[in-house]
6 protein chains.
Amino acid sequence: MRIEDLTRDEFSAAINLDPIIILPLGATEAHGPHLPLGTDSLQPEWVADQLAERIGALVAPPIRYGMHSSTRNMPGTIDLSFDTLYHLISDILESLVRNGAKRFLVLSGHAGGSHMTAIKEACRRTATAYDSRIMFLSDYDLAAELAPRRGVAPGDGHGGEVETSRIMHIRPDLVGDDRPEGEFISHGFMVLPDPECCFPQGFAGEPAKATAELGEELNWHVVKRLEELIMRDGL
Amino acid sequence: MRIEDLTRDEFSAAINLDPIIILPLGATEAHGPHLPLGTDSLQPEWVADQLAERIGALVAPPIRYGMHSSTRNMPGTIDLSFDTLYHLISDILESLVRNGAKRFLVLSGHAGGSHMTAIKEACRRTATAYDSRIMFLSDYDLAAELAPRRGVAPGDGHGGEVETSRIMHIRPDLVGDDRPEGEFISHGFMVLPDPECCFPQGFAGEPAKATAELGEELNWHVVKRLEELIMRDGL
Amino acid sequence: MRIEDLTRDEFSAAINLDPIIILPLGATEAHGPHLPLGTDSLQPEWVADQLAERIGALVAPPIRYGMHSSTRNMPGTIDLSFDTLYHLISDILESLVRNGAKRFLVLSGHAGGSHMTAIKEACRRTATAYDSRIMFLSDYDLAAELAPRRGVAPGDGHGGEVETSRIMHIRPDLVGDDRPEGEFISHGFMVLPDPECCFPQGFAGEPAKATAELGEELNWHVVKRLEELIMRDGL
Amino acid sequence: MRIEDLTRDEFSAAINLDPIIILPLGATEAHGPHLPLGTDSLQPEWVADQLAERIGALVAPPIRYGMHSSTRNMPGTIDLSFDTLYHLISDILESLVRNGAKRFLVLSGHAGGSHMTAIKEACRRTATAYDSRIMFLSDYDLAAELAPRRGVAPGDGHGGEVETSRIMHIRPDLVGDDRPEGEFISHGFMVLPDPECCFPQGFAGEPAKATAELGEELNWHVVKRLEELIMRDGL
Amino acid sequence: MRIEDLTRDEFSAAINLDPIIILPLGATEAHGPHLPLGTDSLQPEWVADQLAERIGALVAPPIRYGMHSSTRNMPGTIDLSFDTLYHLISDILESLVRNGAKRFLVLSGHAGGSHMTAIKEACRRTATAYDSRIMFLSDYDLAAELAPRRGVAPGDGHGGEVETSRIMHIRPDLVGDDRPEGEFISHGFMVLPDPECCFPQGFAGEPAKATAELGEELNWHVVKRLEELIMRDGL
Amino acid sequence: MRIEDLTRDEFSAAINLDPIIILPLGATEAHGPHLPLGTDSLQPEWVADQLAERIGALVAPPIRYGMHSSTRNMPGTIDLSFDTLYHLISDILESLVRNGAKRFLVLSGHAGGSHMTAIKEACRRTATAYDSRIMFLSDYDLAAELAPRRGVAPGDGHGGEVETSRIMHIRPDLVGDDRPEGEFISHGFMVLPDPECCFPQGFAGEPAKATAELGEELNWHVVKRLEELIMRDGL
């Protein structure tokens, strides 16, 4: 159930049941020539909707902007600063706490290091300042658990077979047919002013191998793993 | 055309045509017992999509959070601070400028005073720092032009006949049937710690008079007026 | 009574009577060829002094700097940023609260949108964080109530007949004789990098029609309306 | 000549002559039982007006708020934070630079350590970022040069014989007759949460010895020394 | 060569040779009952000194404070905020750039996620704003490469066999003899207000197995790997 | 006893005895051709270690970076901003307070005005927000008490006979033999963009007269005076 679809009174009634609030965090980011810029939004939003239905959670309005480094200079990437992202998530969580929410699943489609830290610090601030329980992760990490068992190559990553398969399941109309191989070129520990040189093709992996069937399996794997984690860790 | 649905290369091609970028800004805000919390998101997003189709603009991923005062303490309102909202819009506009965009229509569904100022200052910063043209307004103000000519009462406002009609056209399934009358109680120039007392029912106007037909007319009026303004002011 | 003229002990005695503290906020801003840069300071300071005498209020030291947009690039306008203005007013109000003050009338001579929002947000912060009552407005808005009834033209505004008349009453020596007509040219909803183009002459209205008599009437109208509002709204 | 008394065009003409801009900085601060809270405003403003007349300088609108430590908890002291004061002065200087001003005398009546640093850092920022020359000092330090030669006791300081004499010359009506002796009690290098304990009477020195004649001599000494310093250091 | 041991002129001569500047970043952090709080400072400082001698680099004055989460509430941990750490490293790098430095190795003994992001963002800002090359890593990660090949258990981590061995080599006098086993207890993706519960003993691994010989090998491994990386990545 | 040399449990035991925590603050700053850049670090660190031994205090990890104005543009000076320095000291003090510390001696080797204010404001914030006692000073000021009695010339200052003597006692190997005379050239109250012009030689005084014997006496004078002050002011 999307919070934005509820009236004031329906929201009040729902919040009284102490539901988990899922906050899906996307991005607008270049994902190679074959995937839409909203790839990182589509995945966690689909997962959030399915999971919410299964466990009776509420889904907060998604954010479709994040913080980017290696793709920052590629066409179509829209970038927030660390501070903006931190305060955006802090404000939303704090406002939901004022509304009576106590349990949160913050689910990010994008998994860049600084992006994750900005969100994690916002979660930490909320967990420390209020009596709230927060789980925070990227659904990408759960999908990547299953991938090797389904023959996905080790170097698969940003815009690769896993992400392409998942989008082929969610929005097949947005996936292009021209799907060459993409390579990640490590620059070790150098902090680069032009980090896009790490992705000469703009993505990493073999999207040509992607299928909607694999995507469906990966997407449902994420949903089920989240159910398990919520149960196991007592969110 | 939604930017998030384009691939990197489709976006590059589109931006080379110097399109207007429409950034729809919504909110998650209590709108009385009969309207969904996402009321202020639904309206500008509908308008943005229709307008984009007519004039060949690109629609950036919507933001569905804003800054609120009088409804801040009502259930379901999620509130950003002034600074967060300012930096959020600044970052997005600046990032789009880096991507080559030069013309922007920033369209806010919510029209609260401080909310509008935060966005306007972000627009001003971008217009001043870069060579870009920006039009910024609330679609509410354009809808309100037509309202009196269609018999809407003068006191109609937040969550009233205009907004209810517009949502009945866009998402009739989200509008409740219990639609009493709502009153705005002025407290003059007092700056209140509990400004929700200005809206005892949580909205202002006669939503019982709302119809999908009026909503359709209002929604299209907004689209057409925007077309005229863009032409007249040479955006 | 000006706070700055009291000794420590006189201030202590006065504050124990729970007086209203009037904080007059001016500006240093171009007002056409005929009016002094301190026009927006002179008006609220005169009003504050008269009102204080009538109701036994204390007048805090005036601020003569504000935030400007349309006149920002005209000679003589001195401009604070939004954040500076917000923190300045916040600090002063908070410091007065620590001193025991509980009731405030914040009176701004300048009425620009972002300027007013910066001050309003500072008032809101104080009203919310402490047990204090705050009324905030521009005296311009009260003067403008009476103007049409005295034959002032509808387009009268910044530096026009109303302001010129009021300064002719307060400081006639500072008003110039060359008073052509000034026009406001709307640019609709465009956010302009050069907003001074809205005021080709630097002001709007017919200052040639201004008289000290009208000014006197307007100035006293403001004082009396403030008395009524303070009574009505129970400041 | 006060900038606020000039019209836009008079200001333009004046600034073209490359005048020194004097910015008088006061305070609202407890000065014992005998002196007004505006003591630190009256002194630099008087000096600024006299000096401006002698050397053809422009006087910017005064600020009557500063940053305080040892008197912060005394009745009537109104306190800005370090950051607010820094940004206030920075904004004003930068705005004047944009207006064409190149030479500044920033003259503070209050001489507290952190207060002076906040202003000095704002001056330094302006001097470094723009091609401008800035002299910054407290007029108190110049008055204190002469004091020992006129028999003022070594421990004289805040609210003492020097300041009382100077106010007796400028605004004798604001000086009280009850003027006991005040003592400064050093707490060495301790950073105190209650630093007002350093001034049990709220001031330091023998204000009973103050005279308007001494005040007049001190005030003119400051004016003349400033003239010399401006000449000597080529402001 | 430590920068702090050079005179102004020796520094000038050295910087003209375009040396690598090594900035060693430590921490003051609880490391179980057997290791000193300065464990994370001792390691990168030793490495920096050895490496500097071998490649002719300059060592900047070390920082011995960092940002901590899981050990934050343990006795002896001293914690900087994200923003403080970011600005500290930014200021130092920028100041060194102004001094003519162009190549940096930023070497952190502590490897916590948010700590590393704060430093990385500071490095990124410098690399982007100036023409400088920066390598940034934790020496811990290099030591951990060798550890499994020397029989260190997979769960070894904070304060474990690797760190204990390294300190036994550098400062044996600071290592305690009571060295029980320590366990890391994962809480999955929960963001905890009391993250110290992840380290019931305050460290992870088998420090009883630590030896100075292993420490010496690990320490030199780090030095040599850094030499290789600097060569390979053309710092 | 250095905090960084203690284990977690040793630190816990020590803090329970309510010790004074000494925080030595140094700098990396040009001190003429004859003194090392770390001059301002060596002095307070030596003092802190001696004093700690005599009174049973704990020494926190030193900071070797500060804020500089007149030497900012000289080779080897590394500069923090006011805000960075303020937050750095605030964070460390607050973290130590959370650890149970209640008494602090903050001892700065560098004594520049803005540097001292940044640290003092951080101390003030801590003293006000928590129940802690803080003494803050520069050891330079104590050394300068004795200097005139030992024949040091009045103009001696930055990098002069006092500092050179002290370093000759602490680290004679770091003091150069070429020690001409240095002059301080006052620019009165001008706020200069190039303040290094005040020190044409980079220091002030007659370092040729410096001796290790004088340095030893000065260094011990500082230690003993601190003992007296701690006793007298009841730190």
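The values are calculated or read from the model by the stated rules, or taken from the named source; none is laboratory data. In this text the structure is predicted, and so the values were computed from the model without any measurement. All Cβ positions, even for glycine, are placed from backbone atoms using ideal geometry, and neighbour counts span all protein chains on display.
So the values come out like this:
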quantity: Residue among E:145, E:163 that is more than 30 Å from residue A:231 (Cβ to Cβ), surrounded by 15 or more Cβ atoms within 10 Å (Cβ to Cβ) and either acidic (Asp, Glu) or more than 9 Å from chain A (Cβ to nearest Cβ) (or both); calculated: E:163
quantity: Residue check for residue C:55: in contact with a Lys or Arg (Cβ under 6 Å, 6 or more places away or on another chain) and either more than 9 Å from chain D (Cβ to nearest Cβ) or surrounded by 21 or more Cβ atoms within 10 Å (Cβ to Cβ) (or both); calculated: no
quantity: Per-region count, segment A:95-122, residues in contact with a helix residue (DSSP H, G or I) (Cβ under 8 Å, 6 or more places away or on another chain) and surrounded by fewer than 19 Cβ atoms within 10 Å (Cβ to Cβ); calculated: 4
quantity: Output for segment E:20-38, where each listed residue is more than 7 Å from chain F (Cβ to nearest Cβ), closer than 25 Å to residue E:76 by Cα and out of contact with any His (no Cβ under 9 Å at 6 or more places or on another chain); calculated: E:23, E:24
quantity: Condition met for residue E:182 (at pLDDT below 95 and either over 18 Å from the mean Cα position of the chain (by Cα) or within 14 Å of another protein chain (Cβ to nearest Cβ) (or both)); calculated: no
quantity: Count of residues meeting criterion [within 16 Å of the chain's Cα centre (by Cα), in contact (Cβ under 8 Å) with a residue 40 or more places away in the chain and part of a loop (DSSP other than H, G, I, E, B)] in segment B:73-87; calculated: 1
quantity: Selected residue (only one of F:90, F:41, F:114 is farther than 28 Å from residue D:73 by Cα, modelled with pLDDT of 95 or more, out of contact with any Cys (no Cβ under 7 Å at 6 or more places or on another chain) and outside any loop (DSSP other than H, G, I, E, B)); calculated: F:41
quantity: Of all residues making up segment B:11-38, the number that are assigned to a strand (DSSP E or B) and aliphatic (A, V, I, L, M); calculated: 5
quantity: Check on residue E:104, within 8 Å of another protein chain (Cβ to nearest Cβ), assigned to a strand (DSSP E or B), of a type outside the set (Val, Ile, Thr) and in contact with a strand residue (DSSP E or B) (Cβ under 6 Å, 6 or more places away or on another chain); calculated: no
quantity: Test for residue D:90: is it surrounded by 24 or more Cβ atoms within 10 Å (Cβ to Cβ), under 20 Å from the mean Cα position of the chain (by Cα) and hydroxyl-bearing (Ser, Thr, Tyr); calculated: no
quantity: Among (1) under 26 Å from residue C:51 (Cβ atoms); (2) within 14 Å of chain B (Cβ to nearest Cβ); (3) without any contact (Cβ under 8 Å) to a residue 24 or more places away in the chain, the one test that residue C:224 misses; calculated: (2)
quantity: Cross-chain or 6+ apart pairs with Cβ under 8 Å, segment E:4-19 first and within 20 Å of residue F:26 (Cβ to Cβ) and at the interface with chain F (Cβ under 8 Å from one of its Cβ atoms), then hydroxyl-bearing (Ser, Thr, Tyr) and not in a helix (DSSP H, G or I); calculated: E:4/F:28
quantity: Residues satisfying the stated conditions in segment B:44-72, i.e. assigned to a loop (DSSP other than H, G, I, E, B) and under 30 Å from residue B:194 (Cβ atoms); calculated: B:64, B:65, B:67, B:68, B:69, B:70, B:71, B:72
quantity: Residues that are within 16 Å of residue A:19 (Cα to Cα) and either more than 8 Å from every other protein chain (Cβ to nearest Cβ) or surrounded by 22 or more Cβ atoms within 10 Å (Cβ to Cβ) (or both), drawn from segment A:123-135; calculated: A:131, A:132, A:134, A:135
quantity: Qualifying positions in segment D:32-52 - farther than 13 Å from residue C:3 by Cβ and buried (at least 24 other Cβ atoms within 10 Å of the Cβ); calculated: D:32, D:34, D:35, D:40, D:42, D:43, D:44, D:47, D:48, D:51
quantity: Residue within segment B:67-81 that is over 14 Å from residue B:136 (Cβ atoms), of a type in the set (D, E, K, R) and crowded, with 21+ Cβ neighbours inside 10 Å present; calculated: yes
quantity: Residues of segment B:185-216 satisfying the condition of being surrounded by 20 or more Cβ atoms within 10 Å (Cβ to Cβ), away from chain C (no Cβ under 14 Å) and hydrophobic (A, V, I, L, M, F, W, C); calculated: B:199, B:203, B:204, B:210, B:214
quantity: Odd one out for residue E:49 among (1) of a type outside the set (A, V, I, L, M); (2) away from chain F (no Cβ under 12 Å); (3) in contact with a Gly (Cβ under 6 Å, 6 or more places away or on another chain); calculated: (3)
quantity: Condition met for residue E:215 (free of Cβ contacts under 8 Å to residues at least 60 places away in the same chain and closer than 18 Å to residue E:39 by Cβ); calculated: yes
quantity: Only one of F:65, F:130 that is in contact (Cβ under 8 Å) with a residue 24 or more places away in the chain, under 30 Å from residue F:185 (Cβ atoms), of a type outside the set (Asp, Glu) and out of contact with any His (no Cβ under 8 Å at 6 or more places or on another chain); calculated: F:65
quantity: Test: residue in segment F:119-131 that is of a type in the set (D, E, K, R) and part of a loop (DSSP other than H, G, I, E, B); calculated: yes
quantity: Some residue of segment D:75-91 being touching a His at 6+ places or on another chain (Cβ under 9 Å), away from chain C (no Cβ under 14 Å) and aliphatic (A, V, I, L, M); calculated: no
quantity: Among the residues listed as E:92, E:20, the single one being among the β-branched types (Val, Ile, Thr) and touching a helix residue (DSSP H, G or I) at 6+ places or on another chain (Cβ under 7 Å); calculated: E:20
